[in-house]
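Quick notes on the structure that follows.
The values are calculated or read from the model by the stated rules, or taken from the named source; none is laboratory data. Values in this document were obtained by computation on a predicted structure and should not be read as measured data. Glycine gets a Cβ as well: all are built from the backbone with ideal geometry, and neighbour counts include every protein chain shown.
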Amino acid sequence: MIKKITQYFLKGLLLVAPVAILIYIVYSLFIAVDGLLVDKLEMIMGFKIPGLGILVSFIFVTLLGFIGETALVRPFKKALQALLEKIPILNLLYTSLNDLFKAFVGKEKKFNVPVKVLFNKENNLWKMGFVTRGTMIEIGNEELAAVYFPHSYNFSGELYLVPSDRIIKIDISPAETMKFIVSGGVTHI
């Protein structure tokens, strides 16, 4: 009984931790920068500019992204990545977050083929998602494709391997499709 509860707790922690850590880091950064800037500017100018930390943080993170793409920083990024990959729990968190971010905003965007999939012919039930692999030849099944189905009102989803003949590409942008699915169909497409 205790072993099962511990397993469920650890699985839940793995689901929540990456998002919670990211939110905490971004929130802390905004609060810290906003606090420093507001206090310093108030001493200099005599009035507060609330929210300035958000703008400065955005510029700082964007600048870091730009610097991170330079040839000077790449060796340091590779060394840090190699170090993180050697630490068991951090490796899991880092690679999961890294792959997720690359799927949405990286050079190799994964959620760029929105589709609808017939799940129940009898009742004509369909699901919307994104093809992440056109074939599953890696597992010896070429007629299956990997389709990711985001959950509505949540930052999670499910991956199904479905027969390719049940997949129909739809003429909606990936961003609009994701908004539609995540909003539970409330957002207009």
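Restricting attention to the range 143-171, the residues that are over 17 Å from residue 118 (Cβ atoms) and at pLDDT below 85 add up to 9.
Restrict the check to the range 26-36 and report whether at least one residue is exposed (fewer than 11 other Cβ atoms within 10 Å of the Cβ), at pLDDT 75 or above and closer than 30 Å to residue 175 by Cα. Yes, the range 26-36 contains a residue that is exposed (fewer than 11 other Cβ atoms within 10 Å of the Cβ), at pLDDT 75 or above and closer than 30 Å to residue 175 by Cα. From the set of residues in the range 59-109 that are among the aromatic types (Phe, Trp, Tyr) and within 26 Å of residue 176 (Cβ to Cβ), which is modelled with the highest pLDDT? The residue in question is 101.
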